Amino acid sequence: MGRKRSTKPTSFDIAYRAGVSQPTVSRALRGSKSVSLATRQRIEEIARELNYSVDKNASSLRSQRSNTIALLFFEDPTPDGANINPFFLAMLGAITRASANRGLDLLISFQKMEDDWHVRYQDSHRADGLILLGYGDYTLYTKRLRQLVASDTHFVRWGSVGEDNIGTTVGSDNFGAGRQAGEHLIALDRKRIAFLGQADEHYPEFAERYRGLCAVLSEAACSVDRALQVNALSSEDDGRKAVEKLLASGTPFDAIFAASDLIAIGAVQALTAAGKRVPEDIAVMGFDNIPAASMTSPPLTTLMQDLKAGGDLLVEALLAQIEDRPAPNQTIPARLVVRKSTAG
């Protein structure tokens, strides 16, 4: 008996009806920005009319791609190993949505800095490329980034965007955010602004936020007192300890710009314990706009990073590398969110 011919629609059927090539259909259904929005929408509409679904196995065999990307997450461990910075959890969600919108599967894995990332993922064909989120000490991180470049690994990272970047980087305008923080506090007649965060080559995002603050202070003829910069990493405990150190030093200050919301929340706790009123005595603001920022007492003024744009740009930059298209660095503005911790 002869085999009954399949009536299942193919990408060639869509191409014929749309008046485009079959490769254009494939790119459009992957969400590639190399296909115009109008053409993508027309192809997607025809695909829905035909009840067409992508055969991922066949597509992968043709392209030698897995249609999977890996999100590798790095963070300094907490004492109990349980806590994760809420900002990173929100970014995980943004990247997951951006991948799904492009028809990509996403592997998510916590990694140690010493692991061989490219061997475990791209070289073993488990993923077509890597998104790197979090890194701890940047001076240790750069060695591994150079190894990824040397092995021709497709990767993009979230972090500080600068001229010395290794590979493609997407990140917030940290210098501009620091300027916004300074302008906001100076407009409230705060002149002695402390910065809580490790502002050096080990943590370049914090350093850029501090540089932006210092630039505004100098322009406003306010003192840039190095004694008002206290090292702190992203934890409430570090924020508490930094404020305790500031108060013990006797150096006068009337405002705090913390490099993260977690640091700022710890700072508010320490100020309250010391009998200081926020914002009447000391104005406090943070960075990230994590969910807890709106629930502190008082609610925390902060700078919000555009996570949706960040997730989209990270995934698109990685796809560009995989498809041999240009993948330049991208910088995203941060937005000031004013609450009662500065403007009570």
Choice from GLU205, GLU244, GLU323 showing the highest fluctuation, given a GNM over the chain with Cα pairs closer than 10 Å: GLU323
Cα-based Lys pair tally, the chain, threshold under 21 Å, eight or more apart or on separate chains: 10
Carbon plus sulfur fraction of accessible area for the chain, probe 1.4 Å, in percent: 51 percent
Heavy-atom SASA rank of THR342, THR251 (probe 1.4 Å, accessible area, largest first): THR251, THR342
Accessible area per residue, Å², region 216-332 with all protein chains present, probe 1.4 Å: 41 Å²
Estimated [θ] at 222 nm from DSSP helical runs (n ≥ 4, -39500 (n - 2.57)) normalised by residues in the chain, nearest 500: -13000 deg cm²/dmol
Taking only Cα atoms of region 143-244, radius of gyration then Dmax in Å: 16.2, 53
Whole-Å semi-axes of the ellipsoid equivalent to the chain (Cα gyration tensor, √5λ, descending): 47, 21, 17
Ordering of 210-221, 170-181 by packing [mean C-beta count within 10 Å, highest first]: 170-181, 210-221
Test item: Cα-centred dipole of region 190-273, Lys/Arg +1 and Asp/Glu -1 on Cβ, debye: 320 debye
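The values are calculated or read from the model by the stated rules, or taken from the named source; none is laboratory data. Fair warning: this is a prediction, and the values are worked out from it, not measured in the lab. A quick note on method: Cβ atoms are made from the backbone with ideal geometry, for glycine too, and the neighbour counts reach across all protein chains shown. Quick note on the areas: whole protein, heavy atoms, side chains included, nothing else; ligands and nucleic acids left out. Shrake-Rupley method; radii C 1.70, N 1.55, O 1.52, S 1.80 Å.
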